[in-house]
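The values are calculated or read from the model by the stated rules, or taken from the named source; none is laboratory data. Source: prediction; values computed, not measured. A quick note on method: Cβ atoms are made from the backbone with ideal geometry, for glycine too, and the neighbour counts reach across all protein chains shown. Only protein heavy atoms, including side chains, enter the accessible area calculation; ligands, DNA and RNA are left aside. Shrake-Rupley method; radii C 1.70, N 1.55, O 1.52, S 1.80 Å.
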Amino acid sequence: MKALKNRVEIVVYENKAGIVSNGELRRFNRLCKMLESENISIKRYSFEEDHEQLRQNEDLWTMVCCAGRETLPATYVNGRIEKIEEYPTKGEVNGWLSGAK
C-alpha cells in the first residue's frame, strides 16, 4: 500500500468564501491532519489566495468560469477530477490511496 500512496496525488481547490458548512470544513481539516500524520499530504489551493494556481488548471478554470465558484471544492486525483461541490470523505480518500475507485 505504501507504494500506491506515493503514486497518488490528491489536490483540492477550495473557495474559502463559499457556502461550505463549518462542520464539513472541520471534518476535512481533521482528515488532512490525520493523513499528514501518516506522511500523506493533500495539496490545497484556495480561490482567494492561489488564484493563479487555479487558472493554470484549464479544466478547473473553465468549470469555475461556466458554472461558478459554487462548484468548489473540487478534488483532483492524479490530475483527474473526482469530486466537486463537496470535500472528499475518508472513505473516498482511502479508496484513491488503495487504487480503488
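Tabulated values for the structure
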{"quantity": "Potential extension, Gln53-Ser98 segment - 0.36 nm per residue separation minus Cα distance", "calculated": "13.5 nm"}
{"quantity": "Largest to smallest accessible area among Thr75, Thr62 [probe 1.4 Å]", "calculated": "Thr62, Thr75"}
{"quantity": "For the chain: accessible area per residue (Å², 1.4 Å)", "calculated": "63"}
{"quantity": "Contour excess over end-to-end distance, with Cα ends at Arg26 and Cys66 and 0.36 nm allotted per residue", "calculated": "11.6 nm"}
{"quantity": "Debye, to nearest 20: dipole size of the chain, +1 on Lys, Arg Cβ, -1 on Asp, Glu Cβ", "calculated": "500"}
{"quantity": "Nearest-10 value in Å² for the accessible area of Arg26, using the 1.4 Å probe", "calculated": "140"}
{"quantity": "Under 22 Å between alpha carbons - lysine pairs in the chain that sit 8 or more apart or on different chains", "calculated": "21"}
{"quantity": "Loop sites in the stretch 51-101: GluC sites (Glu not before Pro), DSSP, at most 16 other Cβ within 10 Å", "calculated": "Glu85, Glu86"}
{"quantity": "Tyr45 long-range amide H proximity, modeled H, under 5 Å", "calculated": "Val12, Tyr13, Glu14"}
{"quantity": "Within the accessible area of the chain (1.4 Å probe), percent carbon and sulfur", "calculated": "47"}
